[in-house]
Amino acid sequence: LPLLKLDNPRRALAHLAAEVCGHPSQEMTTIGITGTNGKTTVSSIVAGICEAAGQTQGQIGTNGHRIGQRAIPAAFTTPEAPRLQLLLREMRDANVQTAVMEVSSVGLEEERVTGISFSAAGFLNLTVDHLDYHGDMGRYGAAKARLFTEGVKTGGTAIIGIDDEFGRQLLLKLQTGRPDLTLLSLSLLSQTADVYFESLDCRANGLSGRLRTPQGTLAMESPLLGEFNAYNLAIAVALCQAVGIEQSAIITGAERVQVRGRMEA
């Protein structure tokens, strides 16, 4: 049999899978979300907003994958490249306009998302996890950063949470290394960020507040609980704005979304 020797078989596999499936990520809006905590919640909010905008939702992540109302069990947060490209092709064939995906550090390290063209991506946070795989926090953070240094397409948007040190370093790195991107900072702690809450009320039945964004201030209501979910809500809203979803759909979707298994009342 012919034998093809490759320096990086996983990277080649990802590009081949994208080619075989016809590069579906280039035919729709694809949003990636990475961070130690909050990926499932943010992707669920984005999917709910897309649904409120009248779109057929496409979601890939820990809670399972969804194409419209069809649920598909998930073996991994970020599937292996051949499975992932097939999912994206199924989504596009089902008229999904926006696919939202949780992007794990392992998925990035193992080239599972290589070959995917992300229209926008969000970074949430970096806390201690997965060191059995990555070895140390430096390598763990470097894996997360690849979503932005390699994955987001030219002209795309990167939204970076700057409430931890790694996020601040990542933003500085992208300011010099990816001048072709629109970069937005997000914070619950600083009102000098591009996206922040002018006011925020965390109640026993949900959240309300005024979220300041480059596209204006939005009056937000959400059934989600806790200040950390205000952070998740803010980055989801900013990602939806970045890909052109209307403000009315963003507000309506945010008011409806509950996240299965995540601080459910």
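The values are calculated or read from the model by the stated rules, or taken from the named source; none is laboratory data. A quick note: this is a predicted structure, and the numbers were derived from the prediction, not measured. When we count neighbours, we look across all protein chains shown, and the Cβ atoms used for this are built from the backbone with ideal geometry, even at glycine. Note: accessible area is taken over every heavy atom of the protein model, side chains too, but ligands, DNA and RNA are not part of it. Shrake-Rupley method; radii C 1.70, N 1.55, O 1.52, S 1.80 Å.
Structure values in brief
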{"item": "Hits in segment 1-21 - residues which are surrounded by fewer than 14 Cβ atoms within 10 Å (Cβ to Cβ) and either more than 14 Å from Leu84 (Cα to Cα) or of a type outside the set (Val, Ile, Thr) (or both)", "result": "Leu1, Pro2, Leu3, Leu4, Lys5, Leu6, Asp7, Asn8, Pro9, Glu19"}
{"item": "Residues (at positive phi and surrounded by 21 or more Cβ atoms within 10 Å (Cβ to Cβ)) located in segment 22-41", "result": "Gly35, Gly38"}
{"item": "Within segment 148-163, tally of residues that are open to solvent by 10 Å² or more (accessible area, probe 1.4 Å), under 17 Å from Leu108 (Cβ atoms) and of a type in the set (Gly, Ala, Ser)", "result": "1"}
{"item": "Test: residue in segment 77-86 that is more than 18 Å from Ile250 (Cβ to Cβ), open to solvent by less than 10 Å² (accessible area, probe 1.4 Å), modelled with pLDDT under 90 and outside any helix (DSSP H, G or I)", "result": "yes"}
{"item": "Single condition Leu126 does not satisfy, out of (1) in contact with an Asp or Glu (Cβ under 7 Å, 6 or more places away or on another chain); (2) modelled with pLDDT under 95; (3) open to solvent by less than 50 Å² (accessible area, probe 1.4 Å); (4) within 24 Å of Ile49 (Cα to Cα)", "result": "(4)"}
{"item": "Test: residue in segment 48-59 that is open to solvent by less than 20 Å² (accessible area, probe 1.4 Å), assigned to a helix (DSSP H, G or I) and out of contact with any helix residue (DSSP H, G or I) (no Cβ under 6 Å at 6 or more places or on another chain)", "result": "yes"}
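Residue-wise test of (1) in contact with a Leu (Cβ under 6 Å, 6 or more places away or on another chain); (2) touching a residue at least 60 places away in the same chain (Cβ under 8 Å); (3) closer than 23 Å to Ala234 by Cβ.
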site: Arg89; (1), (2), (3): no, yes, no
site: Glu102; (1), (2), (3): no, yes, yes
site: Ser105; (1), (2), (3): no, yes, yes
site: Arg146; (1), (2), (3): yes, no, no
site: Thr149; (1), (2), (3): no, no, no
